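The values are calculated or read from the model by the stated rules, or taken from the named source; none is laboratory data. All of these numbers come straight from a predicted model, not from anything done at the bench. Cβ placement follows ideal geometry from the backbone for every residue including glycine, while neighbour counts extend to all protein chains displayed.
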Amino acid sequence: MDDFDALGEPSITDPTGHASQTDSIRQVAGRTPQEILRGEIQNFRMVGVRVVQWGVTVLVAVMTINYYIRRDFAKHHTYLLEKLKKGDLEITAPYLPLMVHLIGTGILLILSAIFCFLTIRIYRIYSNYQRQLHEIEHAIRELPLRGAFITLLVVVILYLLFPGIDILIRYCVKWYYISEGYVVAATATK
């Protein structure tokens, strides 16, 4: 006598009359292991895309915030203003010292490292689920490892490009002030 499970499929029982492990998975989850893995693969693909979107958005926002903080620091730093009032210092260009600039770059680098870690972790989980699905169903064609690795590498380079651009901007600004004839460093007059 054939029993039917919740999906309307025949229930497979062992000789003692108990449901098999595969049948219990279908009853508990309502789906086959292949369907569960496909769902997880799709979810991790969407999570990966969202992490990349949020990573780029956060890094652009931090670069924008760094710009305004640096601009205000260069214009309104109290120590420099006090020196200017005393006549001890002459500044002809609003230029930020390297150590102050590197604080913002360090924050960008830390955030880039965090998003790189998250992206690599999601990629590993995604590829693990994809490998498990491939072991269950050999008819599925796997994405070549080299193509997936190159995509991951491009995303990691994209994240690390933000701190690099930040440093490049600093040297471009310095070059601009030097080429325009400004005194870049503060010089003592007394």
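Structural remarks
- Options THR64, THR16, THR92: the member that is modelled with pLDDT of 60 or more and either closer than 30 Å to TRP175 by Cβ or not aliphatic (A, V, I, L, M) (or both): THR64
- Comparison of ILE107, ILE69 shows that the only residue that is surrounded by 12 or more Cβ atoms within 10 Å (Cβ to Cβ) and at pLDDT below 90 is ILE69.
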